[in-house]
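The values are calculated or read from the model by the stated rules, or taken from the named source; none is laboratory data. These figures come from a predicted structure and were not determined experimentally. Because the Cβ atoms are built from the backbone with ideal geometry, glycine has one as well, and the counts that use them run over all protein chains shown.
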């Protein structure tokens, strides 16, 4: 935290008048100071320089972002074009008009890097991105050490792709400036990645009263349109540093050894139509086909998976919770609890095939309509 305090002090000492994207501050600082503070590290720019060279040649490039509800934008942004990944893609279009630019917004609300590790291949890497922005500093901000491993798994999955996409880490914050940046920053240093921090850039302004939180945020977590625009400016400032760099002669394909874990480099994930049971007594798909739902009077459903860890995406309310259990490989039943942090259902399993049986043990139809709904399943680790 020493460097953060030093940056804050330097900002206080450099007070001048300014106007930035419609923000008016009572005691403002220079825009350059904010941008400089927001650049945690330029990292190894070789992969970003390769993206720029590809754009200069007029080729197709894909800009992607994966994260939680901040990336998704949700109801907090009135204009989808203002979401930070859309604005970064627009910068590429404006800067390299000869290039064909597309973007992928793979943000899903309420999800952390565990869910991200499970789905990054399906939702991002399958699109063959050239640049991936990773945003989990808010949703990983829990005292859960596993998030260190899952976040590293997201990074390693992207970095080991044959097309060698560039990775930029983006750190947002909650109402009091808190986030998971400390651990994610260490991982960024380990892989020498470019890192941009909305917190480092703007929290000193909020803390000092120069900018009101409500100017940039719709609530305690989610940036509004202005917040997204400001975040995109920080990212674009990083890209501007690399824009005119020549294409690298070569990019190293060798990754350093994992700093924490390699468990989440190999993940398998099934959702919606791909989630097929191996046995089923009474469960049915919901009308939209997006979930398996327990019967009103009880029943069981079984799925097979391979790996050392099981992740299950499900919803269960308080009335149904006492009636729901699961078994791994025929073992003793365990209660299926509500899972607000979406943590693994089972871990430390032996590599190889396994099965999970889920039972909703209602003895008669529940007049309140309580149900268990399952919408995804993922596994990580070795299969043999």
Just checking, how many residues over the stretch 297-334 are at pLDDT below 95 and surrounded by fewer than 17 Cβ atoms within 10 Å (Cβ to Cβ)? 7
Go through 343, 310 for me and flag whichever is in contact (Cβ under 8 Å) with a residue 40 or more places away in the chain, assigned to a loop (DSSP other than H, G, I, E, B) and in the same structural domain as residue 279 (by TED's automatic domain parsing). 343
Of the numbered conditions (1) touching a residue at least 12 places away in the same chain (Cβ under 8 Å); (2) within 23 Å of residue 201 (Cα to Cα), residue 115 fails exactly one; give the number of that condition. (2)
Candidates 260, 251 - the one that is touching a residue at least 12 places away in the same chain (Cβ under 8 Å), part of a loop (DSSP other than H, G, I, E, B) and within 19 Å of the chain's Cα centre (by Cα): 260
Residue among 91, 148 that is modelled with pLDDT of 95 or more and within 14 Å of the chain's Cα centre (by Cα): 148
Unique residue being modelled with pLDDT of 95 or more, part of a helix (DSSP H, G or I) and either farther than 26 Å from residue 46 by Cα or assigned by TED's automatic domain parsing to the domain that holds residue 87 (or both) when the list is 173, 186: 186
Residue count, the stretch 75-87 (criterion: within 17 Å of residue 137 (Cβ to Cβ) and more than 14 Å from the chain's Cα centre (by Cα)): 2
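Could you list, in sequence order, all residues of the stretch 182-195 that are free of Cβ contacts under 8 Å to residues at least 60 places away in the same chain, over 14 Å from residue 117 (Cβ atoms) and in contact with a helix residue (DSSP H, G or I) (Cβ under 9 Å, 6 or more places away or on another chain)?
Keep residues of the stretch 182-195 that are free of Cβ contacts under 8 Å to residues at least 60 places away in the same chain, which gives 182-184.
From the residues that got through so far, the ones that are over 14 Å from residue 117 (Cβ atoms) too are 182-183.
The answer is 183, and nothing else.
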Look at residue 47 and say whether it is in a helix (DSSP H, G or I), in contact with a strand residue (DSSP E or B) (Cβ under 7 Å, 6 or more places away or on another chain) and closer than 22 Å to residue 313 by Cβ. no
